[in-house]
Amino acid sequence: MIKEVKTQAKIGVGLDLLWKALVKDLKFTIPDMIPNLVKDADVIEGDGGLGTVYLFNFGPEIKTMTYQKEKISELDESLHRIALEVIEGGHLNLGFSYYNTIFQLTATGEVETLIDVTVAYESDTEDDALPSKTTSSTLAFIKNLENYLLKAAA
């Protein structure tokens, strides 16, 4: 049975800039922003649209995983919604049979965006702590992304 955990954050970055960094420039943004966590990112299939597969190689601060392949399983530019499903490695090596993170972006001002995050998962274990940790990690990622984009704009 698929379960979900949700979280939300508001950041001081405009929707267009955030969407570009999170979707269009993802393979560059992530390693540049958090090189201690993600050593590098490559597109191994696709053109950045629906079905594109990314390979993320993790840095030394990630002790439980070395890499993760994620596929864009949902992409709606008009709704500013993207979903990334883990298809190999990473969370799937930690007892999950399905792991999908959905980002829904909504402009709340000219330089402010609301991000709704849903982590949908299925696990063979009863340990529900990891998805909650993931939402915490996702919130930290969003805060880092905000700081990265604000610094780049300055």
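The values are calculated or read from the model by the stated rules, or taken from the named source; none is laboratory data. In this text the structure is predicted, and so the values were computed from the model without any measurement. Note that each Cβ is placed from the backbone with ideal geometry, even for glycine, and that neighbours are counted across all protein chains shown. Heavy atoms of the whole protein, side chains included, go into the accessibility calculation; ligands, DNA and RNA do not. Shrake-Rupley method; radii C 1.70, N 1.55, O 1.52, S 1.80 Å.
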Total residues in the range 45-70, condition surrounded by 17 or more Cβ atoms within 10 Å (Cβ to Cβ) and either of a type in the set (S, T, Y) or in contact with a Leu (Cβ under 7 Å, 6 or more places away or on another chain) (or both): 6
Matching residues, the range 90-105, being part of a strand (DSSP E or B) and in contact with a helix residue (DSSP H, G or I) (Cβ under 9 Å, 6 or more places away or on another chain): F96, Y98, Y99, T101, F103, L105
Count of residues meeting criterion [exposed (fewer than 15 other Cβ atoms within 10 Å of the Cβ) and in a strand (DSSP E or B)] in the range 75-85: 1
Some residue of the range 41-55 being farther than 19 Å from I102 by Cα, touching a Gly at 6+ places or on another chain (Cβ under 9 Å) and of a type in the set (D, E, K, R): yes
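Just to be sure, is A21 open to solvent by less than 50 Å² (accessible area, probe 1.4 Å), part of a strand (DSSP E or B) and not β-branched (V, I, T)?
On the way: open to solvent by less than 50 Å² (accessible area, probe 1.4 Å): yes; part of a strand (DSSP E or B): no; not β-branched (V, I, T): yes.
So A21 does not fit the description; no.
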Residue in the range 112-129 that is without any contact (Cβ under 8 Å) to a residue 24 or more places away in the chain, in a loop (DSSP other than H, G, I, E, B) and closer than 18 Å to V5 by Cβ present: yes
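Rundown of residues vs (1) out of contact with any helix residue (DSSP H, G or I) (no Cβ under 8 Å at 6 or more places or on another chain); (2) farther than 22 Å from T118 by Cα, yes/no style:
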residue: M1; (1), (2): yes, no
residue: L22; (1), (2): no, no
residue: K27; (1), (2): yes, no
residue: V38; (1), (2): no, no
residue: A41; (1), (2): no, yes
residue: I44; (1), (2): yes, yes
residue: G48; (1), (2): no, no
residue: L55; (1), (2): yes, no
residue: K63; (1), (2): yes, yes
Qualifying residue in the range 72-93 (condition: modelled with pLDDT of 95 or more and on the phi > 0 side of the Ramachandran plot): yes
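Yes or no, residue by residue, for (1) under 25 Å from K3 (Cα atoms); (2) over 14 Å from the mean Cα position of the chain (by Cα); (3) part of a strand (DSSP E or B):
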residue	(1), (2), (3)
M65	yes, yes, no
I72	yes, no, yes
E88	yes, yes, yes
A107	no, yes, yes
S132	yes, yes, no
Failed condition for N36, given (1) of a type outside the set (F, W, Y); (2) touching an Asp or Glu at 6+ places or on another chain (Cβ under 7 Å); (3) surrounded by 14 or more Cβ atoms within 10 Å (Cβ to Cβ): (3)
Pairs with Cβ under 6 Å, 6+ apart, first in the range 31-47 and farther than 23 Å from L75 by Cα and among the basic types (K, R), second open to solvent by less than 60 Å² (accessible area, probe 1.4 Å) and modelled with pLDDT under 95: K39/G59
